[in-house]
Amino acid sequence: MTRVRSVELRLVRLPLVRPFRTSFGEMTHKECVLVRVETEDAEGWGECVASTEPDFSEEWNEGVWLVLRDFLAPALLHAGDPSASEIERALAFVRGHPMAKAALVNALLDADLRAEKRSLATFLGAERSRVECGVSVGIAPSTAQLLEQVDGYLSEGYLRIKLKIEPGTDFERVRAVREAHPDIALSVDANAAYGLEDVDVFRQLDELGLLMIEQPLHHQDLVNHAKLQSRLQTDVCLDESIRSAADAASAIELGACRIVNVKQGRVGGLLEAVRVHDVCEAQGVPVWCGGMLETGIGRATNVALAAMPNFHLPGDTSASRRYFLEDLTEPFELDPDGTMAVPAAPGIGVDPIPARLEATTLRIERVGKE
Ligand code: NPG
């Protein structure tokens, strides 16, 4: 007998307060798969960070749904009595699919921690009760609109501004923001849109005193990231390239980056995210917590992670209102000092509001024991 009774998959869709454009496309809605695991003792929630298209990575919602329904959830249900830390082994027969696995691992961990009445932050060894927050600003229709958005976020208290860039919409835009705000912590994120032949753009950006340049090149190209890093003063940060602690170790050894963005969903869940954190900490490489426009469920998970000791830079852990008019949970708020409280209640510390779930759900499927 296993203590996991059922796994419920739920596809939800929420409008974003403003479209979010990156080098690979524009999002007007947040659509994601939520996983609810019911055990003998509690229920737990996990939010999958994949979206409607396989653009950030190979994973997307419909693929996530199938791999969870047909392979991962049945494996969990028939795995005997796995602890949250053993569950990764039970799912390892499925190659890849870290985002789908993460939702399930995190949901089981949440259920276990709720049963133990222990917060996720405590489980992770978090050292802070509040985390410093940054904000990621999508590619705006014009420089004037970008400047206006940046002003708005700064007045709310955000401690770091990250600008999305793409070829043709890069140096001039970033320079305009830098000239308007000479002293702010400013970074850029290319989402892998450039090649090493674009080194001149990065040399220009190198003059702007940026905190980091995130994922400039193809996600599989660690060697060229190392070449680029050696030609720049600005720290290169990797996001898409890092899918495991082993990837982080390789990237650091190669000199491909000097900062790592940790997204628990991209690396297969919280347990692997802790390993990424530890590998980086041991090598003296600071990490920060990335975001994927999560609802309150994923946000609670991220904020607890961001309170771990080697998270040295403000994360893409923005307030609910930066994304949604109404979140799925009680909204996460930013204090005027740019920090956010880490949930202290058992598990992820927040619950989806039933009426909000109902209003946003596109479909539900339950995977139980036959
Ligand atoms: O605040 O959650 C946030 C957004 C942070 O820029 C952000 N995320 O490439 O890191 C990214 C980007 C992203 C969002 C990518 C959604 C894919 C989907």
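The values are calculated or read from the model by the stated rules, or taken from the named source; none is laboratory data. None of the values given here were measured: they were computed from a predicted structure. In this analysis, Cβ positions are derived from the backbone assuming ideal geometry, glycine residues included, and neighbour counts consider all displayed protein chains. We work out accessible area using only protein heavy atoms, side chains counted, and drop any ligands, DNA or RNA first. Shrake-Rupley method; radii C 1.70, N 1.55, O 1.52, S 1.80 Å.
Annotation for Ala355 and Thr143: the two label points, set 7 Å from Cα along the Cα-Cβ direction, are 4.7 nm apart. Taking GluC sites (Glu not before Pro) across the range 258-339, the ones in a DSSP loop with at most 12 further Cβ atoms lying within 10 angstrom of their Cβ are Glu333. Prolate is the label for the chain, because the ratio a/c of its alpha-carbon gyration tensor axes (a ≥ b ≥ c) is 1.5 or higher and a/b is greater than b/c. Among the lysines of the chain, pairs at least eight places apart or on separate chains and with Cα atoms under 23 Å apart come to 9. Residues Thr122, Thr317, ordered by accessible area of protein heavy atoms at a 1.4 angstrom probe radius and largest first, appear as Thr122, Thr317. Just how many % of Cα pairs in the range 119-260 lie over 21 Å apart, if you round to the nearest whole percent? Value for the range 119-260: 46 percent of Cα pairs lie more than 21 Å apart.
Placing unit charges on C-beta atoms (Lys and Arg positive, Asp and Glu negative, everything else neutral), compute the dipole magnitude of the chain about its Cα centre in debye, rounded to 20. List each step's numbers first, then the result.
Working: 38 positive and 58 negative charges, 77 e Å.
So the magnitude is around 360 debye.
Taking all protein chains together and a 1.4 Å probe, the residues Ser142, Ser6 rank Ser142, Ser6 from largest to smallest accessible area.
Filter the trypsin sites (Lys or Arg not before Pro) in the range 310-370 down to the DSSP loop ones having no more than 16 other Cβ atoms within 10 Å, then list what survives.
Details: sites: Arg321, Arg322, Arg356, Arg363, Arg366, Lys369; in loops: Lys369.
Of the trypsin sites (Lys or Arg not before Pro), the ones in loops of the range 310-370 whose Cβ has at most 16 other Cβ atoms within 10 Å are Lys369.
From its DSSP helices (H runs of at least four residues, each -39,500 (n - 2.57)), the chain gives a residue-normalised ellipticity at 222 nm of -10000 deg cm²/dmol. In the full protein context, the chain carries 39 Å² of accessible surface per residue, based on a 1.4 Å probe and ignoring ligands, DNA and RNA. For the chain, with all protein chains in place and a probe radius of 1.4 Å, 49% of the accessible heavy-atom surface sits on carbon or sulfur.
Taking the chain as a Gaussian network of alpha-carbon nodes connected by springs under 10 Å, the highest mean-square fluctuation of the residues Arg95, Arg231, Arg160 belongs to Arg95.
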